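See structure below.
The values are calculated or read from the model by the stated rules, or taken from the named source; none is laboratory data. Because the structure is predicted, anything quoted here is derived from the model rather than measured. We place every Cβ from the backbone using ideal geometry, glycine too, and count neighbours over all the protein chains shown. What goes into the accessible areas is simple: the full protein's heavy atoms, side chains included, and nothing from ligands, DNA or RNA. Shrake-Rupley method; radii C 1.70, N 1.55, O 1.52, S 1.80 Å.
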Amino acid sequence: MSFLETRDLCLDIGGFELNNINLRADEGDYVALIGPSGSGKSLLLETLIGFYVPEKGRILLEEGDITAFSPDKRQISIVYQDHMLFPHMNVFENIEYALKKKLRNEKQLEAEIRQIADILGIGGLLYRKPTTLSGGEKQRVALARSLVVRPKLLLLDEPFSALDARAREKLRDLLKKAISEYRTTVLHVTHDFEDIWMLANRVIIIRKGELIQEGDPESVFRRPSHSFVAEFLGTNVIKGKIKARNGKLTVLEAEGLEVYSADSAKPGEKVTVSIRPEEIILARTAIESSARNILKGRVSGILKKEHLIVVEVVIGNTEIKAVITPTSCEILDLEPGKEIYAIFKASNARIIGRTGNTD
Amino acid sequence: MGIACFFTMLFFSAAGTLLFALKPSEFLSSLFSEEIIYSVKLSMLTASISTLLVMCCSVPTAYALSRFTFPGKTLIRTILGLPMAFPELVMGLALLLLFGQNFLGPILEILGIKVTFSRLGIIIAQFCIAFPYAVKIIYSTFEGINPRYEQVSRSFGYGEFETFRKITLPMARSGLFASAIITFARCIGSFGAVLILAGGSYMYTEVLPVTLYLNISYGNLEMAITSGILLMGIAFLAILSFERLEGGKL
């Protein structure tokens, strides 16, 4: 049995719902929960912590059924995007309030508060009121308050989304340090894929209250099980028909382009192929390499996304996205309308869906 | 802007007329008369008791309306809001009938409680007039507090009541003070319902608005104006405190 388990969890609160959620997490796991807005991610967290009572299903934590427990009996903490620091208490009192139910001894209390304050770098803020803190500082205090009680499970509901990129990066590092120190199991709702790559060892994708896919980040990103997942994750999704087998490779014909995939499929079969944007190389000429797919197209758009550049290339009637660095963009002298080659390996064109044989 | 200035001047002139209608010596002699002293004491006592009762009842009522879902919630909210739209005299008449001889009166009499034409009637009338206002202000205050604060507190091992006491109440402090001030002002200025339920007996159920009314009836303008000035002073202090609380300056 897993450390955390939900069995057929169902709840409908009008507008948001959970449909037969079967979720598992082992002790020490850092699980990232992603999905479009309104998919029920936050509702799932608030059901796990006991703010909502499920209509059906069970929640098991450390082999015990906690479905009927009130929130104060579950030993689960939560950090929200808007931190929810008690405004009438200073930072020290906020953390102390959380710990007081566990520890009565004043000296131990203070030692624990100082320890978490040191880890999260808020030692100098202890006697400040929440209203005087910056967004990043507030979130560090909220994390400290939730971690200091050493919860069995820590729930994070988009804790970094209101912060700028630099504060986010810093907080991620601090969180990583604190989590390893307190050995907490974490369930983290996020929209930021960097959170997944930096922190999570497992990813769960949820849509309309249903769990769509779960696995380690590598496998979910490289092998989305569903075209929705691929699109949501920003992967290029190409739908087409298998034209032929060429040795060990499969040749797919999509709208105006031919793609080689290392995955096997029968000729005539309709398939969906996923290609990660960062696995596509852009070149000015058709360079010879081990990559089997060399597709000629035209740049249709150049978008800046945080530290990287997303280049949209139209090949035949299909548009694909490639991610490159700003330096590469400068070297290639890219601009809309310019001819460019998109190069990728057959092993990077993954068949993620089959809709049957048309022949 | 012009309209605001016009009405401010109009209210100021009306208040000024009241303030300067009496010579200081006339005002002072009325102020220290036995009747006014009795009336002020009774008004302060009944309004304080009513405010306390209103606050004790309106806080849980407003909290339940704000935080919980239960059948008939909308109906309850509508009924609780009704007295605000009711003329005070109608409210007084309804209370007189309820506590009179046809309904609750005989039962209460067996228990030794007399509501009609008594000081207890003043408190009940004031309570009924002020309660809906208090519920409305406190309800808005609770609605302004994100329930997630309470949920976070619960997750740290605190029960519902403990969370209410340690998190919700301190966060609602300004709204509760504002509500108490408005309640007190409503209670002390309440006239129609008090007159009908408790009667306007000289030096018995005589609160400040009743003093004003009785003395106007006798043609004793000095006493009536003095009562008016006192009521206006109390209302001014209440509104001033309320505005400062609303602006978070207190």
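Annotations for the structure displayed:
- Residue in segment B:163-171 that is open to solvent by 60 Å² or more (accessible area, probe 1.4 Å), of a type outside the set (A, V, I, L, M) and away from chain A (no Cβ under 14 Å) present: no
- Qualifying residue in segment B:219-226 (condition: on the phi > 0 side of the Ramachandran plot, assigned to a loop (DSSP other than H, G, I, E, B) and away from chain A (no Cβ under 14 Å)): yes
- B:Ser201 being more than 14 Å from chain A (Cβ to nearest Cβ) and more than 24 Å from B:Met84 (Cα to Cα): yes
- Residues in segment A:177-203 that are in contact (Cβ under 8 Å) with a residue 12 or more places away in the chain, over 21 Å from A:Gly215 (Cβ atoms) and out of contact with any strand residue (DSSP E or B) (no Cβ under 9 Å at 6 or more places or on another chain) were compared, and the one that is surrounded by the most Cβ atoms within 10 Å (Cβ to Cβ) is A:Ala178.
- Picking from residues in segment A:82-107 that are at pLDDT 95 or above and away from chain B (no Cβ under 11 Å), the one that is nearest to B:Arg165 (Cα to Cα) is A:Asn90.
- A:Leu23 at pLDDT 95 or above, in contact with an Asp or Glu (Cβ under 9 Å, 6 or more places away or on another chain) and either crowded, with 19+ Cβ neighbours inside 10 Å or within 14 Å of chain B (Cβ to nearest Cβ) (or both): no
- Residue check for A:Ala178: out of contact with any Leu (no Cβ under 8 Å at 6 or more places or on another chain) and at pLDDT below 95: no
- The one condition from (1) open to solvent by less than 10 Å² (accessible area, probe 1.4 Å); (2) more than 14 Å from chain B (Cβ to nearest Cβ); (3) at negative phi that A:Leu45 does not meet is (2).
- Options A:Glu63, A:Glu55; residue that is on the phi > 0 side of the Ramachandran plot, away from chain B (no Cβ under 14 Å) and over 25 Å from the mean Cα position of the chain (by Cα): A:Glu63
- There is at least one residue in segment B:9-17 that is open to solvent by less than 90 Å² (accessible area, probe 1.4 Å), more than 30 Å from B:Met203 (Cα to Cα) and free of Cβ contacts under 8 Å to residues at least 12 places away in the same chain.
- Residue within segment A:127-142 that is buried (at least 18 other Cβ atoms within 10 Å of the Cβ), farther than 30 Å from A:Arg7 by Cβ and within 11 Å of chain B (Cβ to nearest Cβ) present: yes
- Among the residues of segment A:117-126, those identified as outside any loop (DSSP other than H, G, I, E, B) and either within 14 Å of chain B (Cβ to nearest Cβ) or of a type outside the set (Val, Ile, Thr) (or both) are A:Ala117, A:Asp118, A:Gly123, A:Gly124, A:Leu125.
- Screening segment A:134-169 for residues that are touching a Gly at 6+ places or on another chain (Cβ under 7 Å) and part of a helix (DSSP H, G or I) and picking the one that is modelled with the highest pLDDT gives A:Arg140.
- Segment B:103-127 - residue that is part of a loop (DSSP other than H, G, I, E, B) and touching a Ser or Thr at 6+ places or on another chain (Cβ under 8 Å) and, of those, nearest to the other protein chains (Cβ to nearest Cβ): B:Ser118
- From B:Ser190, B:Ser217, B:Ser201, residue being closer than 16 Å to B:Tyr133 by Cα and of a type in the set (S, T, N, Q): B:Ser190
- Counting only residues that are at negative phi and open to solvent by 40 Å² or more (accessible area, probe 1.4 Å), segment A:113-122 holds 3 of them.
- The number of residues in segment A:246-297 being basic (Lys, Arg) and either in contact with a helix residue (DSSP H, G or I) (Cβ under 8 Å, 6 or more places away or on another chain) or open to solvent by less than 20 Å² (accessible area, probe 1.4 Å) (or both) comes to 3.
- From B:Ile110, B:Ile37, B:Ile49, residue being closer than 21 Å to B:Glu206 by Cβ, surrounded by fewer than 12 Cβ atoms within 10 Å (Cβ to Cβ) and out of contact with any Phe, Trp or Tyr (no Cβ under 8 Å at 6 or more places or on another chain): B:Ile37
- Selection status of B:Pro71, at pLDDT below 90 and either open to solvent by 30 Å² or more (accessible area, probe 1.4 Å) or under 12 Å from the mean Cα position of the chain (by Cα) (or both): no
- Apart from one condition, A:Gly316 fits all of (1) surrounded by fewer than 17 Cβ atoms within 10 Å (Cβ to Cβ); (2) free of Cβ contacts under 8 Å to residues at least 12 places away in the same chain; the exception is (2).
- Hits in segment A:135-186 (condition: more than 20 Å from the chain's Cα centre (by Cα) and of a type in the set (S, T, N, Q)): A:Ser146
- Residue selected from segment B:133-155 under the condition within 14 Å of chain A (Cβ to nearest Cβ) and among the hydrophobic types (A, V, I, L, M, F, W, C), by the criterion surrounded by the fewest Cβ atoms within 10 Å (Cβ to Cβ): B:Ile145
- Residue list for segment B:219-250, filter: exposed (fewer than 13 other Cβ atoms within 10 Å of the Cβ) and modelled with pLDDT of 90 or more: B:Gly219, B:Gly233
- Inclusion of B:Ala130 among residues that are more than 8 Å from chain A (Cβ to nearest Cβ), within 16 Å of B:Ser190 (Cβ to Cβ) and not basic (Lys, Arg) is warranted.
- Subset of segment A:299-345 (residues that are assigned to a strand (DSSP E or B) and hydroxyl-bearing (Ser, Thr, Tyr)): A:Ser300, A:Thr318, A:Tyr341
- Residue satisfying condition, being in a helix (DSSP H, G or I) and not hydroxyl-bearing (Ser, Thr, Tyr), within set B:Gly175, B:Gly200, B:Gly157: B:Gly175
- Residue ranges of strands (runs of 3 or more DSSP E) in segment A:177-278 with at least 2 members within 16 Å of A:Ala349 (Cα to Cα) and not polar (S, T, N, Q): A:236-246, A:249-254, A:257-261, A:269-275
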